[in-house]
1. Relative contact order of the chain: what whole-number percent is it, with Cα pairs under 8 angstrom and at least 6 residues apart?
2. If I take R0 = 35 Å and measure r between the Cβ atoms of residue 66 and residue 224 in this structure, what FRET efficiency does the formula 1/(1 + (r/R0)^6) give, to the nearest 0.05?
3. Ordered by packing density, taken as the mean number of other Cβ atoms within 10 Å over each peptide's residues, highest first, how do 143-156, 56-69 rank?
4. Hey, rough spin-label estimate for residue 159 and residue 339, points 7 angstrom out along Cα→Cβ, what's it come to in nanometres?
5. Once both labels are modelled 7 Å past Cα along the beta-carbon direction, what's the residue 75-residue 255 spacing in nm?
6. Would you mind getting me the FRET efficiency between residue 135 and residue 241? Use the beta-carbon distance for r and R0 = 41 Å, nearest 0.05.
7. For the chain, set up a GNM with springs between Cα atoms under 10 Å and report which of 383, 411, 245 has the largest fluctuation.
8. Using 0.36 nm times the number of residues separating residue 281 and residue 325, minus their current alpha carbon distance, what extension gain do you get?
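Laboratory data are not the source of any read-out in this text; all were calculated from the coordinates shown. Please read all numbers here as calculations on a predicted model, not as lab measurements. Don't worry about glycine lacking a Cβ; one is built from the backbone with ideal geometry, like all the others, and counts go over all protein chains shown.
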């Protein structure tokens, strides 16, 4: 057993955990961060061995100029590159690949024009995306476009995702924001925030013993640690899997929330080519049909950069590519690109491919979460401070400004740190002095 008793233990060195730990350290509290992986960042994971430039295997974008993480980016001195405006997007609704304005002026898609107003009028009871689309009577291209609008970025199928939950999560607002990439790799940001923190890698937690006075953790290697308080940033998929045991069991409010906040599959295929075969103006290609949700040109606008396409899959499409081999997944994507660009020869130009499947990651157990129909307020129950001196953070617990983005994780860490500080102040002097 380690001989320290800390003020606070933080479980997880992703953006939420690092943000929380830094705030607590600034408050003169002794803090240790336990990370199951051999790296920090969680679902921020930058690859530097795929091509000459950093490529994101996990979170990729800073969403919008008003993101709450911009001050941290500037403080760390990180360079960013803006993505192209949405008019640089191509769409495929079946048939030919078209530039976005063509899609918007096509008569078959006009039925979608009032979709946002329809969502606003759709009060309780909550409907699934499929129920909402059928209720609105969308057909043909309008139905495909509606499904893309709802589900393109969510890891669930039409029967799984609740419409009101999407509104509560702010998901539709995500599509109106301009995106930015951190040029040197997104992992540069958590590394900058983690400077000076005590982070222990390769330390997966086996059990969490919590009560109203303290928290004790047992690691898989048998070691035990104790703290006056702890913050869990464990992903929902991990908590639901039971690989980490909570003693006593989590209260019914948490169990209810875990049933309604669903962790879904997300998969990326990185495809590097000898030369680009897609239009130079195209930043993104969204697909209403086929095995891939969307493609984007990772380094469009960066001079001399490698021609890399990111094939991005969520929900049922990700699940289908997860059960085949990496080589088979690459073949499926190449065949799809041949369909989308019939005059090109992507198979001949492919240099290498890599699959990143977050469902297979035991420390994530999925990509990110969405709310099932009827799951309103479930995220509030997840983050509620109702488990003694055990507190909760992570992107799944926060909906400001948008659920399940890096900024949400960051904000959740700040919020949990404030909750811990208040609880420790109420508790008074520690039972044992922590080594600082």
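1. Working: 916 pairs, mean separation 110.7, N = 436.
Contact order relative to length: 25 percent.
2. Calculated value: 0.20.
3. Working: 143-156: 22.4, 56-69: 19.1.
Ranked from most to least packed, the peptides come out as 143-156, 56-69.
4. Distance between the two pseudo-spin positions: 2.3 nm.
5. 4.1
6. Numbers: r = 35 Å, r/R0 = 0.85.
That gives a FRET efficiency of 0.75.
7. Evaluated over the chain, the most mobile residue of the options is 245.
8. 12.6 nm
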